[in-house]
Amino acid sequence: MPPFQPRDITDRAPYFSSFVTASDDDGTSPCQNPNQSWLPILEHDCDFSSQVFVDVMTNLIRNPNLNSTHLFRADIWYDSLEGSSSQTVHQEVEHSVSTAKDLNKPQEKRHDTKATDPPTDEVHSLDLSSTKLNLSQSEESKDGRPSHSSDQHPSSPPDRKPRKIHVPGYSLQRTLVREMIPRNPQLDRPLLQTCHLFRSIDGDWDGDDGDDHHLVVYLPHASDPDNIPWYHPAVCGLAFFYKSRGATTTNDCSSESPQSHGHINQNQKQGENVKATISIHYSLFPTQHPPLSTRLVRTATQLLSTLAKHGRGTASGYVKRVQHDLLIPQARLQNTYSRLKLAHARRLIDGWVEQTDPSKHVFEDLGIAAFLIELWRDMYDCCPASEADSSSSGADKDADQPGAVVERTKFPGFVDIGCGNGVLVDILLREGYEGWGFDARSRRTWDVLGEKTSQKLKEYVLVPGIINPGLSSSNTNTNSNSVSNSNEQNNTNQTALEHEEEGGGGGGGGGEGEDTVPFHNGTFPAGTFIISNHADELTPWTPLLGALSGSPFLIIPCCSHDLSGAKFRAPAVHALAAQKASSASSTDQNNNKKQNHTQNQNQKQKQPNPQQQQPSTYASLVAWVEHIAHDAGYIVEREMLRIPSTRNVALIGRKFRYSQETVAVSPPADGCESARHERQGPVTGMRQKVQSPQTILFREGGADGWVERAMALRKGKIRSH
């Protein structure tokens, strides 16, 4: 691909002009510049169609983080295609405010907790590790921009009315009002912006010789350059102009394009009968005059480069492979993450005593904690302690009030198996969720997390009870009323695991060769939420342990081990089956939305077949663990977490598949075995057998050598993910 080298067009006459129309009740404009002049900045040739331009610009409007690493997302407050306000935003932020499940107006949410780190463009995951944490109250950041605080910018009701303009020779196709959310609210504040999509009136749109011009205008809701945040160019407006000669038929901007459903018209493909240019233009504030600053030119170059890159990718048939936020709305998750980061990140990083990079581990666990908090909000109708305290202070503590403290009693507790450094346990405990964690080997971090957390972190070797039914867990006190480190009703014997070096001539038995350690048999109080975060050897065991205790779980797989604890590559058959099912589902959706048979056939011929791609080791591991969980009776849900790790697939088992209706996981009425037999009932008219953990263990090769490998974890080098 040739380097992006746009042409300087600042010496050219304006390509278009605009006039401000009455946007407010008094008819004033945000720039106080009713006749806006537009200064051409840069231009670049392109070979994609105008429809691709419209699709890409619409996507960039909804995802401003693709253009700026200082931005997290955009909340769409108005879309002319959807009416007076966007219902999507109302739904996504409905639960994001600390005390408001009954929230009706999104603007009531705390603006100081609305942002976190942006997702990366290539990895499709949230790169929290790249965040430059700045929790100080200094007046300026390292990049020279002033810090944002409530004192500097007192809160006031934002004006979300569209800023209306008229562009002679163009018809308005669509208008959106977005609020750009910064990743660090202590440095930057959100910015409202009106986005207009125009199309030229002149020209034969349906003819091969007609001109096809499209214009996208951004108007920030700011009256002077000082009110523009750092992440936005300090101009009154900016515009992207698409000019095509000999363009083919293009859909209206106000309708969904075939490309957005996976169909690429033959005349839309890159390099085929399309001769066009894209350019960027600035509208300056009255106090601004050319020549432009270096930063404004550099910003224009970056914005136009992003448009060109995404246009080429869309025209060549690129389809996003990773979908985030399938279970938890993006706004809720990001707001919770931002609050957790402000509350815990500095403390955890400053107190880090391990040799590993603290930012990677801390931000990763903060992201997982945010996901768990929002997941538990949906599952148990509970909220963090800070929200409960806020909702109940100075008001009637109504049990039915959203966020009331009594709601948190529904939470059954959690256990983090293979908890590692214990940071995730610490965050959840400080947020008011009762639970504990254990690992085969203690960490130095445990001693610096505080007394309450240290008491909830235990050094145990897990030996599942189905391997040796005669063993019971070591009995210790976790100082928790709702969750203990063993099932006290069934496991009250104080026992220890004696691991002796085997071999006849090993130098005597008994005394010096013994390593006596506490262990756990993997049986937890019914309903306890099991967390398995990069637990390696415990990863495939998690759904089996959950089935034994009637517990929901969260699994984030990392390294591949079988049920005996040995390293292995999971069979690719399950990953290939998942690929085939996903491909079939996508094909069905595309067929339902196709415009005509010819387009669909061309689509099938040009796009690569995902079934021909050999799945990776990680994909095979995830599919294998998902297969085990399904056979154990779970309806498994997937989520791609926004954490700084390439191993960011989360498998959630919160529902059992034992009836025609989806029923949330709950403690079995008369023991795990009877509940397991109940789950063998019909599902959507088909009998899907649920296998016992013992059956699955035998089918997958058993657990020979588990104890020896588990004990070896206590002596080997601590792994870091």
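The values are calculated or read from the model by the stated rules, or taken from the named source; none is laboratory data. Computed from a prediction, not measured in an experiment: that's the story for all the values here. Positions of Cβ are backbone-derived with ideal geometry, glycine not excepted, and every protein chain shown enters the neighbour counts.
Please count how many residues of the stretch 391-438 are among the charged types (D, E, K, R) and either at pLDDT 95 or above or in a helix (DSSP H, G or I) (or both).
Matching residues across the stretch 391-438 total 8.
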- [ ] Can you give me the ranges of the helices (runs of 4 or more DSSP H) entirely in the stretch 606-721 with at least 1 residues that are at pLDDT 55 or above and hydrophobic (A, V, I, L, M, F, W, C)?
- [x] 617-631, 693-699, 706-712
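Just to be sure before I move on: is T306 assigned by TED's automatic domain parsing to the domain that holds A369, of a type outside the set (A, V, I, L, M, F, W, C) and at pLDDT 90 or above in the structure I sent? Spell out how you get there, then give the answer.
Working: assigned by TED's automatic domain parsing to the domain that holds A369: no; of a type outside the set (A, V, I, L, M, F, W, C): yes; at pLDDT 90 or above: yes.
When the stated conditions are applied, T306 does not pass them.
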Open item on the list: Being in contact with a helix residue (DSSP H, G or I) (Cβ under 6 Å, 6 or more places away or on another chain), at pLDDT below 95 and outside any helix (DSSP H, G or I): is that true of S254 here?
Closed with: no
Task: Conditions (1) modelled with pLDDT of 90 or more; (2) buried (at least 21 other Cβ atoms within 10 Å of the Cβ): number failed by N265 - done: (1)
TODO: Quick one: which residue in S442, S454 is of a type in the set (S, T, N, Q) and in a loop (DSSP other than H, G, I, E, B)?
DONE: S442
- [ ] Please find, within the stretch 419-467, the residue that is surrounded by the most Cβ atoms within 10 Å (Cβ to Cβ) out of those that are in contact with an Asp or Glu (Cβ under 7 Å, 6 or more places away or on another chain) and polar (S, T, N, Q).
- [x] N421
- [ ] Could you tell me which numbered condition D365 fails, if it satisfies all but one of (1) among the charged types (D, E, K, R); (2) at pLDDT 95 or above; (3) surrounded by fewer than 24 Cβ atoms within 10 Å (Cβ to Cβ)?
- [x] (3)
Open item on the list: Could you tell me how many of the residues in the stretch 200-232 are at pLDDT below 90 and closer than 25 Å to K243 by Cβ?
Closed with: 12
TODO: Identify the single condition in (1) in the same structural domain as A222 (by TED's automatic domain parsing); (2) touching a Phe, Trp or Tyr at 6+ places or on another chain (Cβ under 8 Å) that Y380 does not satisfy, given that it satisfies every other one.
DONE: (1)
Open item on the list: Looking only at strands (runs of 3 or more DSSP E) that lie completely in the stretch 2-56, which have at least 2 residues being at pLDDT 90 or above and surrounded by 13 or more Cβ atoms within 10 Å (Cβ to Cβ)?
Closed with: 39-46
Open item on the list: If I ask for residues that are more than 12 Å from P552 (Cα to Cα) and free of Cβ contacts under 8 Å to residues at least 40 places away in the same chain, which ones from the stretch 624-650 would you list?
Closed with: H630
Task: I555, sole failed condition from (1) in the same structural domain as Q694 (by TED's automatic domain parsing); (2) modelled with pLDDT under 95 - done: (2)
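Matching residues to (1) in contact with a Lys or Arg (Cβ under 9 Å, 6 or more places away or on another chain); (2) among the polar types (S, T, N, Q):
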{"position": "V517", "(1), (2)": "yes, no"}
{"position": "N533", "(1), (2)": "no, yes"}
{"position": "P540", "(1), (2)": "no, no"}
{"position": "G546", "(1), (2)": "no, no"}
{"position": "S549", "(1), (2)": "no, yes"}
{"position": "F553", "(1), (2)": "yes, no"}
{"position": "P557", "(1), (2)": "yes, no"}
{"position": "D562", "(1), (2)": "no, no"}
